[in-house]
Amino acid sequence: MFRLLRSLDGQRVQQQPEFRLAAQECELFSRYFRGKIDNLLSGLQYFNDIDRPSDEIRCFTDCIDVFDQTTNTEITAICSATKKTCVLDPLPANQLLADNITSIVPAITRITNTSLDEGVMPKSLKHAIVRPLLKKPSLDKDTLSSYRPVSNLTQLSKIIEKMVALRIMTHVSDHQMVECFQSAYRKNHSTETALLYVTSAVKTAMDQKQGTILLLVDFSFAFDTINHNILIRRLRLRYGFVGKALDWLTSYLKERTQRVVIGDQSSSTTTLTTGVPQVLGPLLFSLYVQPIGDIIRAHGLFFHQYADDLQVYTHFDLTQSALMAAVKQMEDCLDEVKVWMARNSMFMNDGKTQYLPIVPKSADAIVDKSVIRVGEATITASRCVQCLGVCIDRHLDMKKQVSQTISACSFYLRNINQISRFLPRPTKEHVVNAIITSRLDNCNALLYGTSAINITRLQRIQNTAARLIMRSPRSDSATPLLRELHWLPIVCRVDFKLLVFTYKAMHNDAPVYLCEQ
């Protein structure tokens, strides 16, 4: 069903390149993907060879020397949530587990516990296949740079990684070593909670007759350049991983291999000397970059992170001199962050960093020609930026975000309408909720306090969706249709979302940064 809807726009995405000499192309892609990382790291070699930090801030009170054993119950829960399989699996693992889970789980439990006891990740589980996937349908399919690498691991590898991730998260959470303002890969955290906190701070500054400088820092190949030795040292000195726990993490990171696969052809195997893989990698990345927060705090600035997305911001009085002082403070901070990143085998993409001053309309003249220096680049002030999937504009009126939502919803409503007469009502409801309602509800807590015009424009989209499902003419009132579908109107959905966050914050079921508001 959803594949059919995607095909209605006339742009079928070619998932993998089609070449006559696939074996040679596999080698080309393998060298290209690895060469990009090697070239980037070679430019950081000067920093890597000098003044590398040899100590870390100790954040733990108790070390963890061994990961707790797992149980059949825990493995069953992880297996049930692991749906995808890979060609590296000897059999289609998702169907095999679903049909024989009670028979297979005890064996997986024994393998996992043996791995933890010995502090070793089996070498066969550290091999990945990489498939080049086209970034956008409009790109040239014959150009290497049009593709991005997507890695796949065995099902067993992902199960073990998910189990270890739970133990790492428990350790760092119990000792309060998790960065408060890191919202990725954490329970009750999301892009919406992160944006709600940041925009709330911006609105508070506006109420106090202040503006805000928001900088979206861009990392280049953030997950691929992580230095294994630095990460292992940081896990030991900053977070207290020792003994078999540290041995397992070291074994997990070291001697990883991959090969590129196109169709039934593959490249030769290459060894990865940097980077973190897909399942456990994002959590390790969050721990790796946590010192960046220490630097930003030391400069008296505010920040929020979502994986490798970093937002740095500060407030200023609505005068030219105050703006210049805030910009200078931000530049000094970013200079230090940039040096830290280089010394930790990371690269800040100066030119792709975005700068957004957020002020009342009356203060536009103060920030119109404002610029900020980021490394060697000079960044001019934007009027809007895309932040964690939401369009944030200079006046925080959400007008452009609403327009983007309406444009996307209108496009898909036209597509759904082309086949709606062939679909029963329950199917149409399912499709509309998945494609349209999900977009209307995405980060809609940020719409609280927006103009009535914005709400009305979104309401028209919801009304159109309701009429499509109910096969009602445009002249019919949408109110009874919404009631029959049990859909809250847009303004009520916004209020409801905010009330849910408020309730969760009052009962400590939300991020700490919201609970303490």
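With the structure loaded, tell me whether Thr85 is β-branched (Val, Ile, Thr), modelled with pLDDT of 70 or more, assigned by TED's automatic domain parsing to the domain that holds Asp247 and surrounded by 15 or more Cβ atoms within 10 Å (Cβ to Cβ) or whether it fails that test. So Thr85 passes the test. For segment 286-297, a residue qualifies if it is touching a residue at least 12 places away in the same chain (Cβ under 8 Å) and within 27 Å of Ala325 (Cβ to Cβ), and the qualifying residues are Pro291, Ile292, Gly293, Asp294, Ile295, Ile296. Cβ-Cβ distances below 9 Å connect the following pairs, each with a first residue in segment 74-87 that is on the phi < 0 side of the Ramachandran plot and assigned to a helix (DSSP H, G or I), a second residue that is of a type in the set (Lys, Arg) and buried (at least 17 other Cβ atoms within 10 Å of the Cβ), and a separation of six or more residues or different chains: Ile78/Lys158; Ile78/Lys162; Ala81/Lys162. The condition of being assigned to a helix (DSSP H, G or I), at negative phi, of a type in the set (Lys, Arg) and surrounded by fewer than 18 Cβ atoms within 10 Å (Cβ to Cβ) holds for only one of Lys187, Lys203, Lys158, that being Lys203. Picking from residues in segment 486-500 that are surrounded by fewer than 19 Cβ atoms within 10 Å (Cβ to Cβ) and in contact (Cβ under 8 Å) with a residue 12 or more places away in the chain, the one that is nearest to Lys428 (Cα to Cα) is Pro489. Every listed requirement among (1) at pLDDT 95 or above; (2) touching a Cys at 6+ places or on another chain (Cβ under 7 Å); (3) over 24 Å from Asn442 (Cβ atoms) is met by Leu253 save one, (2). Asp509 satisfies every condition listed in (1) under 20 Å from Cys409 (Cα atoms); (2) surrounded by fewer than 15 Cβ atoms within 10 Å (Cβ to Cβ) except (1).
Within segment 373-391, can you find the residues that are among the hydroxyl-bearing types (Ser, Thr, Tyr) and either at positive phi or not in a strand (DSSP E or B) (or both)? Hit for segment 373-391 is Ser382, nothing else.
Checking each residue in segment 435-457 for being exposed (fewer than 14 other Cβ atoms within 10 Å of the Cβ) and not β-branched (Val, Ile, Thr) picks out Ser438, Gly449, Ser451, Ala452.
Just one of the listed residues (Leu44, Leu40) is crowded, with 16+ Cβ neighbours inside 10 Å, modelled with pLDDT of 75 or more and of a type in the set (A, V, I, L, M), and it is Leu40.
Considering every residue within segment 203-216, establish whether at least one is modelled with pLDDT of 95 or more and within 30 Å of Asn39 (Cα to Cα). Looking through segment 203-216, at least one residue is modelled with pLDDT of 95 or more and within 30 Å of Asn39 (Cα to Cα). Of the residues making up segment 121-134, one or more are part of a loop (DSSP other than H, G, I, E, B), surrounded by 13 or more Cβ atoms within 10 Å (Cβ to Cβ) and in contact with a Phe, Trp or Tyr (Cβ under 9 Å, 6 or more places away or on another chain).
Within segment 110-155, being at pLDDT below 90, farther than 24 Å from Arg34 by Cβ and in contact with a helix residue (DSSP H, G or I) (Cβ under 6 Å, 6 or more places away or on another chain) holds for one residue alone: Gln155. Tally up the residues in segment 122-166 that are among the hydroxyl-bearing types (Ser, Thr, Tyr) and touching a Ser or Thr at 6+ places or on another chain (Cβ under 6 Å), please. Looking only at that region, the number is 0.
Looking across segment 367-384, the residues that are of a type in the set (A, V, I, L, M) and out of contact with any Pro (no Cβ under 8 Å at 6 or more places or on another chain) come down to Val371, Ile372, Val374, Ala377, Ile379. The condition (being in contact (Cβ under 8 Å) with a residue 12 or more places away in the chain and under 30 Å from Ala363 (Cα atoms)) is satisfied by just one residue among Leu195, Leu246: Leu195.
The values are calculated or read from the model by the stated rules, or taken from the named source; none is laboratory data. Predicted, not measured: the structure shown is a model, and the values here were computed from it. Glycine also receives a Cβ, built like all others from the backbone with ideal geometry; neighbour counts cover every protein chain displayed.
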